[in-house]
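The values are calculated or read from the model by the stated rules, or taken from the named source; none is laboratory data. All figures in this text were calculated on a predicted structure; none of them were measured in a lab. Every residue, glycine among them, receives a Cβ derived from its backbone with ideal geometry; neighbour counts consider all protein chains shown.
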Amino acid sequence: MSLPSALKAKWFWYSILCIACWGGWTLFGKLGSTEISAPTLQFLFPFGCIPVALAMLWARRFKLEKSPRGIFYGVANGVLAGIGGLALFAAYRTGGNAAVITAATAMYPLITVVLAVTILRERLTWLHVVGLGFAGAAFVLFSI
């Protein structure tokens, strides 16, 4: 997919919104970790999600999903995100460099790629593999 066609794709703009929100999320996480403990910060995190969740329910006219498998995946996603967030806030709390911690923890797509290839049987192109190599190198450089 060329860049001009990517600019027309909905996924691209959702990705940009995600990047902007997660950038702010990590900034507030670092700022919050200097004021309160990681468990407290993680406890408060869902209260910020409630308005978003209510807006999504309202947009769907309060129609709830009924797929047990989908519900399980959604809850598992939340549990893993909660544990990951707690670990991130704890890392910030150590007084480490927020830029380094954020860059290091932002390597989670490497795990996602491995899982997607092994479990979902997705295929990678040579360009994807090169990108993963650069991501791995970036992780090493940021960790030094």
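The set of residues from the stretch 42-74 being more than 30 Å from residue 90 (Cβ to Cβ) and among the polar types (S, T, N, Q) comprises just one member, 67.
Among the residues that make up the stretch 91-107, is at least one of them over 29 Å from residue 127 (Cα atoms) and either of a type in the set (Ser, Thr, Tyr) or in contact with a Gly (Cβ under 6 Å, 6 or more places away or on another chain) (or both)? Yes, because at least one residue in the stretch 91-107 is over 29 Å from residue 127 (Cα atoms) and either of a type in the set (Ser, Thr, Tyr) or in contact with a Gly (Cβ under 6 Å, 6 or more places away or on another chain) (or both). Considering the stretch 70-103, the residues that are in contact with a helix residue (DSSP H, G or I) (Cβ under 6 Å, 6 or more places away or on another chain) and closer than 23 Å to residue 15 by Cβ include one that is surrounded by the fewest Cβ atoms within 10 Å (Cβ to Cβ), namely 103.
On inspection, residue 32 passes the criterion of being in contact (Cβ under 8 Å) with a residue 40 or more places away in the chain, in a helix (DSSP H, G or I) and either assigned by TED's automatic domain parsing to the domain that holds residue 88 or of a type in the set (Ser, Thr, Tyr) (or both).
Looking for something surrounded by 13 or more Cβ atoms within 10 Å (Cβ to Cβ) and in contact with a helix residue (DSSP H, G or I) (Cβ under 8 Å, 6 or more places away or on another chain) - is there at least one such residue anywhere in the stretch 1-21? There is at least one residue in the stretch 1-21 that is surrounded by 13 or more Cβ atoms within 10 Å (Cβ to Cβ) and in contact with a helix residue (DSSP H, G or I) (Cβ under 8 Å, 6 or more places away or on another chain). Restricting the stretch 39-48 to residues that are out of contact with any Gly (no Cβ under 9 Å at 6 or more places or on another chain) and hydrophobic (A, V, I, L, M, F, W, C), the residue that is nearest to residue 101 (Cα to Cα) is 43. Can you spot a residue in the stretch 15-25 that is within 26 Å of residue 135 (Cα to Cα), among the hydroxyl-bearing types (Ser, Thr, Tyr) and without any contact (Cβ under 8 Å) to a residue 12 or more places away in the chain? Yes, the stretch 15-25 has at least one match.
To keep it simple, each residue is scored yes or no on (1) assigned to a helix (DSSP H, G or I); (2) more than 25 Å from residue 23 (Cβ to Cβ); (3) out of contact with any strand residue (DSSP E or B) (no Cβ under 6 Å at 6 or more places or on another chain).
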{"residue": "95", "(1), (2), (3)": "no, no, yes"}
{"residue": "99", "(1), (2), (3)": "yes, no, yes"}
{"residue": "102", "(1), (2), (3)": "yes, no, yes"}
{"residue": "113", "(1), (2), (3)": "yes, no, yes"}
{"residue": "120", "(1), (2), (3)": "no, yes, yes"}
{"residue": "128", "(1), (2), (3)": "yes, no, yes"}
{"residue": "137", "(1), (2), (3)": "yes, no, yes"}
